[in-house]
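Where a number appears in this text, it was derived from the coordinates with a stated rule and is not lab data. Everything numeric here is computed off the predicted structure, so don't read it as measured data. A quick note on method: Cβ atoms are made from the backbone with ideal geometry, for glycine too, and the neighbour counts reach across all protein chains shown.
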Amino acid sequence: MKKRYLLLLLSVFGISASAQKSIDQRVSELLSKMTLEEKVGQLVQYSGFEYATGPQNSNSATVLDEIKKGKVGSMLNVMGAEETRSFQKLALQSRLKIPLLFGQDVIHGYRTTFPVNLGQAASWDLGLIEKSERIAATEASAYGIHWTFAPMVDIARDPRWGRVMEGSGEDTYLGTQIGVARIKGFQGKGLGSLDAVMACAKHFAAYGAAVGGRDYNSVDMSLRQLNETYLPPFKAVAEAGAATFMNSFNDINGIPATANKYILRNLLKDQWNYKGFVVSDWGSIGEMIAHGYAKDKTEAAEKAILAGSDMDMESHVYMTELPKLVKEGKVDVKFIDDAARRILTKKFEMGLFDDPFRFSNEKRQKEQLNNQENRKFGREFGSKSMVLLKNQNNILPLSKSTKTIALIGPFGKETTANHGFWSVAFKDDNQRIITQFDGIKNQLDKHSTLLYAKGCNADDQDRSMFAEAVETAKKADVVIMTLGEGHAMSGEAKSRSNLHFSGVQEELLKEIAKTGKPIVLMVNAGRPLVFDWAADNIPAIVYTWWLGTEAGNSIADVLFGTVNPAGKLPMTFPRTEGQIPVYYNHYNTGRPAKNPTDRNYVSAYIDLDNTPKFPFGYGLSYTQFKYSDMTLNSSDLKGNQTLNISVNLSNTGSYDGEEVVQLYIRDLFGKVVRPVKELKGFQKIFLKKGESRNINFKLTPEDLKFFDDELNYDWESGEFDIMIGTNSQDVQTKRINWVK
Ligand code: BGC
């Protein structure tokens, strides 16, 4: 009876403080019964055998045997009620019957896939983002998953890096807000609820700053920059209760993140007082040998555990090396105890000791397969993630009674691609994808015609389909071109040096443009691409990213105006690859260009304007928004006063719509140089046509703080520019003075 009551409490309210206390005691009791090998076993994670998300080297028979011996703490890539149940049964054959934790990359949805994460960030809608993770957690937990390897909160300024699709873009403030929303979504009412999964903040740290945007590459940056730009999202999600952290593959200033004491021990575990556990990235402990930081597996294991990496994902070194390192006195057993305690605590919090099978539930799993409510949400989220980049002569929205529309391009009838990279659980879901063709066709009047021609493949030199595409375009009143990159062209290990449309896509576009037909270009991609010619010559452009299960419907909703697009770019779009990294919050330099074309002994390229193609925060709407002059409560502030900033926003166009009002500041002079702009707030506002509203922001000295060269975090008296606007480039500015 008592146990049932406790379970009920756990599932309804998550974990309370008193329950936590008894968990501490239960962990201590368990630890006192464990042998050294059993403790180390908790620190070991292997991948399942049907599906691998890295270079797998497990022998299935050995792993199954080790599980039975209590030498495995967790498995990844084991999914589904049945499969997780059968693995869990093996763990319960071990001496102490300690259940396994099942981890999985639930990155942008699970059985219902949502826009790739960078696309989600373009919605600037924290409510939608949180809800999408709530749904993902509900679906994944019903499939027996306890733990997602998300969110990725790596700040990234380089679109050559394929993993930008998995993050929230270049800005620390936006990335922090989104990271926290994701934690809330995944962990719901708290660990222990049946529909909550443990989150994992990754990749700790600075993975997004790999030199040259090449995946797994080194990172060399000042500790000041690291603390100011790359670490705040991690700190915020740790405070928000993220259950776990994951190491990054890169070295930071010469020390692999996996054995980096500064970030793992000093910052995360000591200064931030983090109580969750840290899992290595796939094989990252063993990779320290290739880094040249450990001479063999033994040294790799020693360095990783001492630095604070608690669990070994697929390096296969903790189990073989740690027991002997302890016996030889090279690793104090307190480090093993601490790591095992952190991991066991999470297993207790998840309720696994009370019922190891509580997440492996076929009935729940069935309810979550092709769940219509989740799909409905996915459709809305997809349409709200799209960014309208250009709409000359208001070509968009299209009329549903347009007589003939031609859909041309390699992605028109794609299924899998719409899921985007990291959609590990779609399995047999391909037939449930709404293609772009079907989505558009379903909304078109029955007397109208939708033609289709592929025109070319995503990434080869085959021009044999051009002629048919041109003929198809000639028959249409409007052409919708669908170009970009295939879903496997962005993601892990998908760095690109050339960000133009791959293969002959741009050539196809130019051929179709010669027909003189009005063209709407949809760009499908996981990252900012370079498409200068199209941006200058094609009248309407929508950035669709990869939108997930409901892609076709979301796209049709925007093209036909059922949804008015409101997305804003979470990353700066470069003019060309040579301009990378280009980001809005750069420093001014000693020789800033006076205007974009200034080349006179200034910090500029002799062959390129200094501005990006599309700035951070940019995105249009079918309606128009007008900003009044901003007003401030004071332009001379003292100490802990609050600055109130107001602006009146009006919808002056002919559609209801949403606008993301953005607030930036510039600290004009500092002990260390400050960025030309820093995002400090945003609000997403819905206004009916003709409607106006006052929008208010508040700033306090807390918002002015920065890290100086000695890593002190404080603010300084001085002048600040306060900027408000529709994107990072188009802002109005007022100067204030603020003294301590
Ligand atoms: C990735 C991680 C991922 C892990 C497990 C690694 O290759 O870097 O982000 O969570 O594999 O799939």
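Here the spin labels are modelled as points 7 Å beyond Cα on the Cα-Cβ line, and at residue 333 and residue 262 they lie 3.4 nm apart. Multiplying the residue separation of residue 624 and residue 577 by 0.36 nm and removing their Cα-Cα distance gives an extension gain of 13.7 nm.
Here the convex hull built on the C-alpha positions of region 101-177 has a volume of 85 cubic angstrom per residue.
Measuring between alpha carbons in the structure, the pairs from 295/494; 131/235; 384/734; 517/568; 400/474 lying more than 24 angstrom apart are 295/494; 384/734; 517/568.
I want the antiparallel fraction of DSSP beta bridges within region 179-297, as a percent rounded to 5. Mind dumping the intermediate values first?
Values: 2 of 10 bridges.
Around 20 percent of the beta bridges assigned by DSSP in region 179-297 are antiparallel ones.
Bridge orientation summary for the chain: considering DSSP beta bridges with both residues in this region, about 55 percent are antiparallel.
Under conditions of 37 °C and 0.692 mPa s, region 431-534 yields 220 µm² s⁻¹ as its translational diffusion coefficient, taking Rh as the Kirkwood radius over Cα pairs in the Stokes-Einstein equation. The Kirkwood hydrodynamic radius of the chain, based on inverse pair distances between different Cα atoms, is 27.0 Å.
The residues packed around residue 723, meaning those with a beta-carbon under 15 Å from its beta-carbon, carry a net charge of -2 if Lys and Arg are +1 and Asp and Glu are -1.
Taking the charge dipole of region 625-739 about its Cα centre, with +1 at Lys and Arg Cβ atoms and -1 at Asp and Glu Cβ atoms, the residue from 706, 681, 649 reaching farthest to the positive side is 649. Qualifying trypsin sites (Lys or Arg not before Pro) in region 627-672, where qualification requires a DSSP coil assignment and no more than 16 other C-beta atoms within 10 Å, comprise 671. FRET efficiency for residue 648 and residue 395, Cβ-Cβ distance as r, R0 = 25 Å, nearest 0.05? Efficiency, from the Cβ-Cβ distance: 0.25. Positive-end ranking of 545, 434, 690 along the dipole of the chain, with charges on Cβ about the Cα centre, is headed by 690.
In units of the rule-of-thumb radius 2.2 N^0.38 Å, region 375-579 shows an alpha carbon radius of gyration of 0.95. Applying the Karplus relation 6.51 cos²θ - 1.76 cosθ + 1.60 with θ = phi - 60° to region 720-728 yields 3J(HN,Hα) values of 9, 8, 10, 10, 9, x, 8, 7, 5 Hz, where x marks Gly and Pro.
Taking region 645-740, which GluC sites (Glu not before Pro) meet the DSSP loop condition and have no more than 12 other C-beta atoms within 10 Å? Don't skip to the answer; put the middle values down first.
Numbers: sites: 658, 659, 678, 691, 702, 710, 716, 719; in loops: 691, 710, 716.
Filter output for region 645-740: 710.
Projecting the alpha carbon convex hull of region 625-739 along each direction and taking the average yields 6.9 nm².
Could you pull out the chymotrypsin sites (Phe, Trp or Tyr not before Pro) across region 647-734 that fall in loop regions by DSSP (anything but H, G, I, E, B) with no more than 16 other Cβ atoms inside 10 Å? Please list the in-between numbers first.
Numbers: sites: 655, 664, 669, 682, 686, 697, 706, 707, 713, 715, 720; in loops: 655, 669, 715.
Filter output for region 647-734: 655, 669.
Let me spell out the model: positive unit charges on the Cβ of Lys and Arg, negative unit charges on the Cβ of Asp and Glu, origin at the Cα centre of region 625-739. What dipole size does that give, in debye rounded to 20?
On the way: 15 positive and 18 negative charges, 95 e Å.
Here the size comes out at about 460 debye.
With both bridge residues required to lie in region 375-579, what share of the DSSP beta bridges run antiparallel, to the nearest 5%?
Bridges in region 375-579 that DSSP calls antiparallel: roughly 15 percent.
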